[in-house]
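To keep things clear, I will list the structure first and then write my remarks on it.
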Amino acid sequence: MSNGNFIPPNHALILLSGLPGAGKTTFARALAGVLSFEHIESDAIRREMIAHPVYTSAENAAVFARAEALAASALRAGRIALLDSTALTNRDRKRFVRLAASAEAQLIGLRLTAPDEVIRARLAHPREGFSQATVAIYERMRARPEPFPVPAIVVDTRFSLQPAIDLLLRLVHDQPP
């Protein structure tokens, strides 16, 4: 039941995508201040599952199978699930697009980005959190991003995150932007 000011959120899977250092986890943390969701961070899952990650295909498959299971559990419980991962290609996103469809959840894609020099500067310093990404990892991944298969919000993280957060909140609450 709604009290005059609170609009309950819709069932949603929020899919953050972006190169290492683009600001995905920073965005998720800012969003957590205004929206309740299950934060599914691939870097945290990887660190929990694998003592010394080497980023092989098999390792990635295990990490993303776990991420999918956590997202499915959150959606089944009626919670919003937010996947915080590079998810740069449609192949990477495919399981989550299918999950949102099968759960009849709204899929909201966000592509986080920043200019090359900004990302390099961010990755040149020790990182907070679970990410172990370096400039070398960024270099290996730079050419991989593909457009989303569904409409997505593009967020340049050099600037205030608030306009993107406001838009995302309107989408989650099913209000026209």
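No lab work stands behind these numbers, since they all come straight from the coordinates. Keep in mind the model is a prediction, meaning the values are calculated, not measured. Cβ placement follows ideal geometry from the backbone for every residue including glycine, while neighbour counts extend to all protein chains displayed.
Could you give the length gained by full extension between H11 and E104, i.e. 0.36 nm per residue of separation minus their alpha carbon distance, to one decimal place?
Here the answer is 32.7 nm.
Testing the spin-label approximation: label points 7 Å from Cα along Cα→Cβ at L169 and M49. State their distance in nm.
It works out to 3.4 nm between the two label points.
Between region 13-29 and region 150-169, what's the alpha-carbon centroid distance in Å?
11 Å
Given labels modelled 7 Å from the Cα in the Cβ direction, how far is it in nm from M141 to K94?
2.0 nm
Using the Cα centre of region 27-69 as the reference point, and only Cβ charges (+1 on K/R, -1 on D/E), how large is the resulting charge dipole? Debye, rounded to the nearest 20. Don't skip to the answer; put the middle values down first.
On the way: 4 positive and 6 negative charges, 18 e Å.
The dipole magnitude comes to about 80 debye.
Hey, can you rank 76-88, 152-164, 107-119 by average C-beta count inside 10 Å, highest first?
Numbers: 76-88: 20.6, 152-164: 15.4, 107-119: 18.5.
Averaged packing, sorted descending, gives the order 76-88, 107-119, 152-164.
Where nothing but the Cβ of Lys and Arg (+1) and of Asp and Glu (-1) is charged, how large is the charge dipole of region 12-172 around its Cα centre, in debye to the nearest 20?
On the way: 21 positive and 16 negative charges, 39 e Å.
With only Lys, Arg, Asp and Glu charged at Cβ, the dipole is about 180 debye.
Can you tell me how much longer the chain between A121 and A32 gets when fully stretched, taken as 0.36 nm per residue apart minus their C-alpha distance, in nm with one decimal? Walk me through the numbers on the way to the answer.
Details: separation 89, 0.36 × 89 = 32.04 nm, distance 2.53 nm.
Extra length from A121 to A32 when fully extended: 29.5 nm.
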